[in-house]
Amino acid sequence: MSVEERSRIEDSLRHIDDLVAGLSNLPDPAGRDTARALLEAVLDLHGLALARTLAIVAEAAEGSVLLDQLGADEQVRAVLLLYGLHPEDSAARIRRALERLRPRLAAAGATAELARVSARVAIVRLVGAAVAAELRQEVEEAVVDAAPDLDEIAVETMETEDAAIAG
């Protein structure tokens, strides 16, 4: 995806957020309620159509390959996550993100693993001789990017000696 496409997506998401937040400022309560109901109805319709589209794709020959491609596309991924329809669960997405970071972490003498994940929270353990704040932030950003649908992401850091004692 080009920088321009990524920028357009981010701008669109910000614009939607601003418009939804602006609904609270409408002076007419009936108008505010109608606008929210309209938005929910449109989102429901789109969600149902998208879910049905994914089901049709899944049933087709090479459907699983197509679903993987759709889930990997940044633009499509954002919409699938919005509707809770991403073909991979958050744990798989986080593990893949950590795998992509493995060479960078190894060069810094560190490792990262998914310690725990639930429907709302992920905990990642970052272990190394001297885990720098920059490395911790890089891991956190990668995990947030992989699983923005989670409410909380925590990165626990441990010195190598502490990890040996705990293990």
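The values are calculated or read from the model by the stated rules, or taken from the named source; none is laboratory data. Computed from a prediction, not measured in an experiment: that's the story for all the values here. Positions of Cβ are backbone-derived with ideal geometry, glycine not excepted, and every protein chain shown enters the neighbour counts. Note: accessible area is taken over every heavy atom of the protein model, side chains too, but ligands, DNA and RNA are not part of it. Shrake-Rupley method; radii C 1.70, N 1.55, O 1.52, S 1.80 Å.
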Problem set entry | Of all accessible heavy-atom area on the chain, the percent that carbon and sulfur account for (1.4 Å) | 56 percent
For this session: Report, in order of residue number, the helices in the chain meeting two criteria: a C-alpha extent of 15 Å or more along the helix axis, and a mean Kyte-Doolittle hydropathy of at least 0.5; treat each whole DSSP H run as one helix.
Result: 29-59
Exercise. In a GNM of the chain with a 10 Å cut-off on Cα contacts, which of V42, V155, V117 has the highest mean-square fluctuation?
Worked result: V42
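Kindly give Rg over Rh for the chain, based on alpha-carbon atoms, with the Kirkwood expression for the hydrodynamic radius.
Values: Rg = 19.9 Å, Rh = 18.6 Å.
Result for the chain is an Rg/Rh of 1.07.
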Exercise. In Å², what does the accessible area per residue of the stretch 93-140 work out to with a 1.4 Å probe?
Worked result: 58 Å²
Seminar exercise, completed: Dividing the mean separation of Cα pairs under 8 Å (6+ apart) by the residue count of the chain yields a relative contact order in percent of 15 percent
Problem set entry | Computed [θ] at 222 nm, deg cm²/dmol, the chain (DSSP H ≥ 4; -39,500 (n - 2.57); rounded to nearest 500) | -22000 deg cm²/dmol
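Taking a quarter of the surface of the Cα convex hull of the stretch 1-84, what do you get in nm²? Could you put the intermediate results ahead of the total?
Working: hull surface 25.3 nm².
Result: a mean projected hull area of 6.3 nm².
Within the stretch 28-78, which GluC sites (Glu not before Pro) sit in a loop by DSSP and count at most 12 neighbouring Cβ atoms inside 10 Å? Each step should come with its number before you reach the end.
Details: sites: E40, E59, E62, E74; in loops: E62.
Passing both the DSSP loop test and the Cβ count: E62.
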